[in-house]
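Engineer: The structure that follows is given in the form of structure tokens.
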Amino acid sequence: MFSLLQASLDNLERSMLVLPTTMHTEPNQKRWHMTFTAIYCSRAFSTPLKKPRKKSTVSSTRVVIDVFEPHPCFPKIDQSVLAGIVKQKNLDQLGKNDGVEGLACGLETNLESGISGDAEDVSRRSEAFGSNTYRRPPAKSLLYFVWEALRDPTILILLVCAALSLGFGIKKHGPKDGWYDGGSIFVAVFLVIAVSALSNFRQNRQFVKLSKVSNNIQVDVVRNGRRQQVSIFEIVVGDVVCLKIGDQVPADGLFIDGHSLLVDESSMTGESDHVEVDLTQNPFLFSGTKVADGFGRMLVTSVGMNTTWGEMMSTISNDSNEETPLQSRLNTLTSSIGKVGLLVAFLVLVVLLIRYFTGNTKDENGNTEYTGSKTKADDIINSVVAIIAAAVTIVVVAIPEGLPLAVTLTLAYSMKRMMSDNSMDFVNENGSSSLATSVVELLHQGVGLNTTGSVYKSISGSEFEFSGSPTEKAILSWAVLELNLDMEGLKQSCEIVHVEAFNSTKKRSGVLMRKKGENTTNVHWKGAAEMVLAMCSNYYDVSGNIKVLDDFERKKFDQIIQGMAASSLRCIAFAHKQVPEQENEEGKIHIQENCLTLLGLVGLKDPCRPGVKKAVEECQYAGVNVKMITGDNIFTARAIAAECGILKPNQDMKSGAVVEGVEFRNYTPEERMEKVDKICVMARSSPFDKLLMVQCLRQKGHVVAVTGDGTNDAPALKEADIGLSMGIQGTEVAKESSDIVILDDNFGSVATVLRWGRCVYTNIQKFIQFQLTVNVAALVINFVAAISAGEVPLSAVQLLWVNLIMDTLGALALATEKPTKELMEKPPVGRTKPLITNVMWRNLLSQAAYQIAVLLTLQFKGEAIFNVSSKVNDTMIFNVFLLCQVFNEFNARKLEKKNVFEGIHKSKLFLVIVGVTIVLQVVMVEFLKKFADTERLNWWQWGVCVGFGSVSWPIGWTVKWIPVPEKPFLSYLKLGNSEAV
């Protein structure tokens, strides 16, 4: 019992929370003395009951209290208390610290103008509270990837066979000559492991670098009264951060002000329901969560590892084992080839074992190897190990291990091809001087208060900086520069009562405000012109008079809106209404949406960037059907689509090429499936309409790519086969829902992605054709030779060498081929199209058949034809086999074109790799005789080998005249779904 009491006291001491020095008032100090006395007495009470220590003459009792030592720069703030308020959602503790204002005072932050933000201020805050970075799992070392390669079952089997071969070889031939076979396999396996580990290590480093770029989010903060964008890694405690729909919360913090702020905390809690953030009930914001709706400002209280997200990041890894469709198909292909290799290896193993134990094999001296009980056990084991090694090597050469490397190299090569472009333009319309003062004042209110943007005026007063979305910045620049809007003065003279934040469904935002000192409130709405116009029953003329909006005037305004839209202007309307104070009693706040008075219309020019039309043409030239889905009205959408080249001059709304979202969603499922292919433009669309369009297209078997930047694009981006979000203007929700982030926001990069995507796919097909030729030829040659002659012409080391050379250098040569114009002329590859096409089957089978015929001829008749020894003949077989692959590498450059040398002068890396391969082969044959089990060849024999290899070129040219059927080759063999290959 007493030991339990002592443990409780110890825990009490360790868990004591010491308040900041500012709270050490006299009553608090008395409580501290009482606490200390209680602990001391408890210690004294419990000490005599313990067993006394031997040889102890002096007893001492110590109480250790962890006293808070504030950072010199921020003596009023305890980081642990600051972090705990948000993590525990502790409203009581927040109240004890005088709320957000009290914490801001302790953090030396002005809630309106933020921190000073100079280098010294940021530095001392980082020193006191840490930086906004997270401890990542340690980078995987090269040894990790070596270990991963060693865990491959095939490599393990090879190592076991190599060890057995080495042991029995030394025992049979002595240390001097007996290590060659086993040592050769060890060296070959070492090279395979080294190349595999190095390539995977390099790929991992590339993805780490890419993740740093993708995680470097730009965040809106207020520093020194100026709203600006900084990197998320530069956020410090005390910063005032501006949040809007689609943003990621960059750190833990407290809500300052805002409206209708809903946060998606599913990344933290797993709950899908959005959480409302306000000043009284739930002012807590967590790093890593997403703003689902509304806008607001927050005070940063914890950054980096002190945040809730930081604690999670320290215990989890970002590794993702999710496979892309291409990776899945490649793995299926590799698995299928591996199964075939296992089957052939097993048959070879069985045949060779039968031949050996039935006395049908001879040794180097022509003697029967197995003579029953007369054969030594060591000789039997050596022979069986050699047979097993040959069978296992067939499995190794059958598996195209170069495919992942080919994909990695191609992606790494294509990632560097990014383009840059300019930002959105602003077009302002003059002529505001004729407006009545009262109308201008209302426009000031409608623009300056009903916005998520801000205006910063430099000290000199001659320059303005506008922040927010492109639309908000354009409107604010017009109001400030043309209507002389004074944002600071407006905010000081007016107060906001309630806000309806903009969302993609209503396509408008509203604000309820009043002038300070007045009893009446005013409603201001801003949004899509035709939707705001529908809410109006009156309008202001230029003189400030209110007039009735009858049918004639309404039609006139509709025509103005349509005219602006036809000129590809984005039309925004402003409306106003004065509301008596009694209509807005507590708990009944509502912004009226009818009987408004139209203030005016603004047309924003959102021009197509110079590269967009060209990029659309490139996509269409490549057989890609480009559709535009937008929230703009049907006239604006049609004009922009025509300007971009999406809509042709002869296409109109009657043909079904242009529809509105409401019309599309009201179609029956059958009508949607029938008409979806014809639709080029869908206007006034909701997020559901975009999602519905993607689902319909996918159901029809199309491969769908979606580009977008807004939160409302997220469902469609996630549903699409390929989601491409914009890295600059795109919201974090959109980026998280996409597969590819276009860093420069340039639609022209979509065409680049398409071009390089096809290049990757084609390069992989080239390598597959090249690799399978090696596989088919090696498997058939060894299988036929094993059955007929009882031996394999290509030794384990030689097959490993070919596999190593072809998998690494071959992948490097073919994976770095640049995209050509012909790639964009081909139709897109459908979802069910086989990875190995009939053209590839034609090419690889013809080359494999030639290689099999030549090598089997050399195997059975080579010694007689060329009058050479058995050893030289085996070396010629090995040399011809590899040189055939070198010459066939040129054939693999062009799958369909007859001229395989086209553009070869531009592929310098390809030529270098071919040269390196030939040099290595010469070294292997001429100088590594014992390692490779070869004999030196003379010039004439080398010429014969080169001659046999060069025949690959005329064969490749000839077979490309042979037409191939459209139906996939494997479907004739009924081997299952062609998509599996």
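Engineer: Output the residues belonging to region 494-513 that are of a type in the set (Lys, Arg) and without any contact (Cβ under 8 Å) to a residue 60 or more places away in the chain.
Structural biologist: Matches in region 494-513: Lys506, Arg508.
Engineer: Right, here's the next one. Would you check which residues across region 122-139 are free of Cβ contacts under 8 Å to residues at least 24 places away in the same chain and open to solvent by less than 80 Å² (accessible area, probe 1.4 Å) and list them?
Structural biologist: Of everything in region 122-139, just one residue is free of Cβ contacts under 8 Å to residues at least 24 places away in the same chain and open to solvent by less than 80 Å² (accessible area, probe 1.4 Å), namely Ser123.
Engineer: Give the residue, chosen from Phe866, Phe878, Phe887, that is surrounded by fewer than 23 Cβ atoms within 10 Å (Cβ to Cβ), in contact with a helix residue (DSSP H, G or I) (Cβ under 6 Å, 6 or more places away or on another chain) and either modelled with pLDDT of 90 or more or of a type in the set (Lys, Arg) (or both).
Structural biologist: Phe887
Engineer: (1) within 24 Å of Val868 (Cα to Cα); (2) hydrophobic (A, V, I, L, M, F, W, C); (3) open to solvent by 30 Å² or more (accessible area, probe 1.4 Å); (4) at pLDDT 90 or above: which one isn't true of Phe931, the others all being true?
Structural biologist: All conditions pass for Phe931, except number (4).
Engineer: Look at region 468-500 and say how many of its residues are basic (Lys, Arg) and within 14 Å of His444 (Cα to Cα).
Structural biologist: Residues in region 468-500 being basic (Lys, Arg) and within 14 Å of His444 (Cα to Cα): 1 in total.
Engineer: Also: Could you tell me how many of the residues in region 422-452 are at pLDDT below 80 and not polar (S, T, N, Q)?
Structural biologist: Going through region 422-452 one residue at a time, the tally reaches 7.
Engineer: Another question about this same structure. Going by what's in this entry, would Leu353 be described as under 20 Å from Val189 (Cβ atoms), in a helix (DSSP H, G or I), open to solvent by 20 Å² or more (accessible area, probe 1.4 Å) and at pLDDT 70 or above?
Structural biologist: no
Engineer: Would you mention how many residues in region 66-102 are assigned to a loop (DSSP other than H, G, I, E, B), at pLDDT 85 or above and buried (at least 18 other Cβ atoms within 10 Å of the Cβ)?
Structural biologist: Residues in region 66-102 being assigned to a loop (DSSP other than H, G, I, E, B), at pLDDT 85 or above and buried (at least 18 other Cβ atoms within 10 Å of the Cβ): 1 in total.
Engineer: Which of the following residues is β-branched (Val, Ile, Thr) and more than 30 Å from Arg758 (Cα to Cα): Val624, Val662, Val706, Val681?
Structural biologist: Val662
Engineer: Let me ask something additional. Checking the conditions here, which among Ala853, Ala848 is in a helix (DSSP H, G or I), surrounded by fewer than 15 Cβ atoms within 10 Å (Cβ to Cβ), out of contact with any Asp or Glu (no Cβ under 6 Å at 6 or more places or on another chain) and at pLDDT 90 or above?
Structural biologist: That would be Ala853, the only listed residue that is in a helix (DSSP H, G or I), surrounded by fewer than 15 Cβ atoms within 10 Å (Cβ to Cβ), out of contact with any Asp or Glu (no Cβ under 6 Å at 6 or more places or on another chain) and at pLDDT 90 or above.
Engineer: Now a separate question. Which of (1) buried (at least 21 other Cβ atoms within 10 Å of the Cβ); (2) closer than 30 Å to Lys473 by Cβ does Val230 not meet, given it meets every other one?
Structural biologist: Against the list (1) buried (at least 21 other Cβ atoms within 10 Å of the Cβ); (2) closer than 30 Å to Lys473 by Cβ, Val230 comes up short only on (1).
Engineer: Can you find, within region 510-543, the residue that is surrounded by the fewest Cβ atoms within 10 Å (Cβ to Cβ) among those that are in contact with a Lys or Arg (Cβ under 8 Å, 6 or more places away or on another chain) and under 19 Å from Thr636 (Cβ atoms)?
Structural biologist: Looking at the filtered set, the residue picked out is Met531.
Engineer: Still on this structure, please answer the following. I'd like the full set of residues that are open to solvent by less than 20 Å² (accessible area, probe 1.4 Å) and touching an Asp or Glu at 6+ places or on another chain (Cβ under 6 Å), limited to region 706-724.
Structural biologist: Once the filter is applied, which keeps residues that are open to solvent by less than 20 Å² (accessible area, probe 1.4 Å) and touching an Asp or Glu at 6+ places or on another chain (Cβ under 6 Å), region 706-724 yields only Gly723.
Engineer: Please enumerate the residues belonging to region 474-502 that are open to solvent by 70 Å² or more (accessible area, probe 1.4 Å), among the hydrophobic types (A, V, I, L, M, F, W, C) and part of a helix (DSSP H, G or I).
Structural biologist: Leu481, the sole residue that qualifies.
Engineer: OK, next. What are the residues in region 937-949 that are surrounded by 15 or more Cβ atoms within 10 Å (Cβ to Cβ) and small (Gly, Ala, Ser), if any?
Structural biologist: Within region 937-949, just Gly949 meets the criteria.
Engineer: Name the residue that is surrounded by the most Cβ atoms within 10 Å (Cβ to Cβ), counting only residues in region 158-199 that are over 22 Å from Leu349 (Cα atoms) and touching a Ser or Thr at 6+ places or on another chain (Cβ under 8 Å).
Structural biologist: Per the criteria, the residue is Ser199.
Engineer: Let me ask something additional. So, in region 813-845, how many residues would count as being small (Gly, Ala, Ser), under 22 Å from Gln771 (Cα atoms) and either open to solvent by 10 Å² or more (accessible area, probe 1.4 Å) or in contact with an Asp or Glu (Cβ under 9 Å, 6 or more places away or on another chain) (or both)?
Structural biologist: Total satisfying the criteria: 1.
Engineer: Given the conditions (1) closer than 18 Å to Pro828 by Cβ; (2) at pLDDT 80 or above, report the number of the one that Asp739 does not fulfil.
Structural biologist: Evaluating Asp739 over (1) closer than 18 Å to Pro828 by Cβ; (2) at pLDDT 80 or above leaves (2) as the failure.
Engineer: Read through the list (1) in contact (Cβ under 8 Å) with a residue 60 or more places away in the chain; (2) out of contact with any Gly (no Cβ under 9 Å at 6 or more places or on another chain), then give the number of the only condition that Ser454 fails.
Structural biologist: The single condition Ser454 does not satisfy is (2).
Engineer: For region 356-375, how many residues are within 18 Å of Leu794 (Cα to Cα) and open to solvent by 80 Å² or more (accessible area, probe 1.4 Å)?
Structural biologist: Selection size over region 356-375: 2.
Engineer: State which residue pairs qualify: first residue touching a residue at least 12 places away in the same chain (Cβ under 8 Å) and inside region 809-822, second residue among the β-branched types (Val, Ile, Thr) and open to solvent by less than 20 Å² (accessible area, probe 1.4 Å) in any location, beta carbons under 6 Å apart, and separation of 6 or more residues or different chains.
Structural biologist: Leu809/Ile913; Leu809/Thr917; Leu812/Ile913; Ala813/Ile913; Ala815/Thr410
Engineer: Which condition from (1) closer than 26 Å to Ala197 by Cα; (2) of a type outside the set (A, V, I, L, M, F, W, C); (3) over 32 Å from the mean Cα position of the chain (by Cα) is the one that His173 breaks?
Structural biologist: (1)
The values are calculated or read from the model by the stated rules, or taken from the named source; none is laboratory data. Computed from a prediction, not measured in an experiment: that's the story for all the values here. Neighbour counts are summed over all protein chains in view; Cβ atoms, including those assigned to glycine, are modelled from backbone coordinates with ideal geometry. Please note that ligands, DNA and RNA were not included when accessible areas were found on the heavy atoms of the full protein model with its side chains. Shrake-Rupley method; radii C 1.70, N 1.55, O 1.52, S 1.80 Å.
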